[in-house]
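Structure, as structure tokens:
Throughout, read-outs are computed from the coordinates displayed, never taken from laboratory work. The structure displayed is predicted, hence computed values, not measured ones. Because the Cβ atoms are built from the backbone with ideal geometry, glycine has one as well, and the counts that use them run over all protein chains shown.
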Amino acid sequence: MVAGGTAASLAMARTGRLPNGFLVWDDRAPDATYEIAVHGHKVVAYSYGAGDRVLYGLNGGPGLPCDYLRDALVPLADHGWRVVIHDQLGTGASDHPDDPALWTLARYVEEVELVLAALGLARVCFLGHSWGGWCGIEYALTHPERIAAMIWSNTCADIPHLRREIDRLRGALGAETVAMMQGFEAIGAYRHPAYAAAIELLDFRHIRRLPERPLPVQRSRAGFNFPIYMKIQGPNEYHYVGEIATWNRIAELGRLTQPALVINGQHDVITPACGMRLAHALPNATWPCRATARIPRTTRSRKPIARCCWSSSRDCSRPLLVTPAKAGVHRAAGSMRAPQPAISPSTVRRRHGSRPSPG
């Protein structure tokens with residue numbers, strides 16, 4: 001719940017502002033929109049602000065349009081950052097091919113590289129949220145030269161450990177309810193009213209915790225491409241049966257020596273224990289847990305993820321959490337000026353005008 005109670009929470013959800021005027025999210029039109037060729041299809045990327053300090057965001061899902069994360073990161077464009085994000089293939093304004101073979105972690109990792117290469121972004125500060133963290137970690141291990149610094153928000157690097165944490169959260173519903181859920185899961189009856197009610201309760205405890213979802217979250221949910229989610233993850237946040245169910249990169253994280261900030265909500269389904277495990281495996285990580293759940297991940301914490309960024313030093317070596325009291329204050333001088341190759345006109349087409357509505 002936002003400080004100030006239900007009225008403040010509703011105002012933030014509908015306007016993007018807290019009672020003190022702090023801008024949590026902003027749905028302004030992008031400064032530039034790009035169409036990028038990816039695996040025979042088109043994805044759409046959005047850019048806000050200008051300059052050498054680039055924050056690239058990869059949103060959660062999988063299968064969600066980027067609205068909820070994009071709008072929460074946009075205010076950083078008013079504080080010296082260029083913010084770049086894209087609708088992943090199958091979501092939002094990007095193409096929606098009907099080909100289950102495309103819905104794999106490995107292909108989405110390749111998609112990230114194609115987007116960054118097409119936009120000429122040689123090195124970025126990378127923010128991965130939830131599924132965007134799993135894909136982002138895989139990307140960082142594959143292309144470490146692209147990563148100046150990392151922000152891992154409400155995510156983890158060990159899905160089997162996460163599943164054990166989820167079992168603990170499910171257990172709080174009581175043995176009878178857990179047995180009921182397991183029975184319906186065994187036969188794939190995920191839409192049964194009793195099962196759906198248990199999932200709704202877990203969502204209120206560990207995903208939402210707000211009287212009303214912020215408008216950007218509502219837009220992302222309205223454009224949800226469920227088959228992608230089911231193929232990679234499963235039917236919901238509490239039952240992993242997709243290809244990601246056994247994914248674990250903890251042992252490889254020692255290779256990522258860039259500065260890292262790990263952020264978890266205290267009540268999130270991806271629990272603080274998951275964040276602690278991730279931060280402990282990274283050689284140069286900071287982990288400040290926040291007392292919140294996941295929704296609105298970037299707008300859900302008392303110190304929003306939208307204000308979690310890196311110092312503007314050349315090597316991005318110092319994490320900086322910009323809180324409402326410090327909004328707009330960047331304590332380091334200079335900027336990260338990695339060489340930026342030219343954008344190839346054969347792979348990207350720039351479009352101007354208002355942002356297309358997702359889904």
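Okay, here's what the table says:
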item	result
Angstrom value of the Kirkwood radius, inverse mean 1/r, which spans all Cα pairs in the range 146-228	15.4 Å
For the range 199-242: Kirkwood Rh in Å [reciprocal of mean 1/r, alpha carbons]	11.6 Å
Long-range tail of P(r) for the range 97-238 (Cα pairs > 26 Å, %)	38 percent
Burial ordering of Thr271, Thr33, Thr257, Thr91, fewest other beta-carbon atoms within 10 Å first	Thr257, Thr33, Thr271, Thr91
The range 181-224: projected area of the alpha-carbon convex hull, averaged over directions, in nm²	3.7 nm²
Segment His280-Ala50, extension gain: residue separation times 0.36 nm, minus the distance between their alpha carbons	79.4 nm
Alpha-carbon centroids, the range 199-222 and the range 1-79: separation in whole Å	17 Å
Alpha carbon Rg of the range 249-291, scaled by the compact-globule rule 2.2 N^0.38 Å	1.12
Cβ-based exposure ranking for Trp152, Trp131, in which fewest neighbours within 10 Å come first	Trp131, Trp152
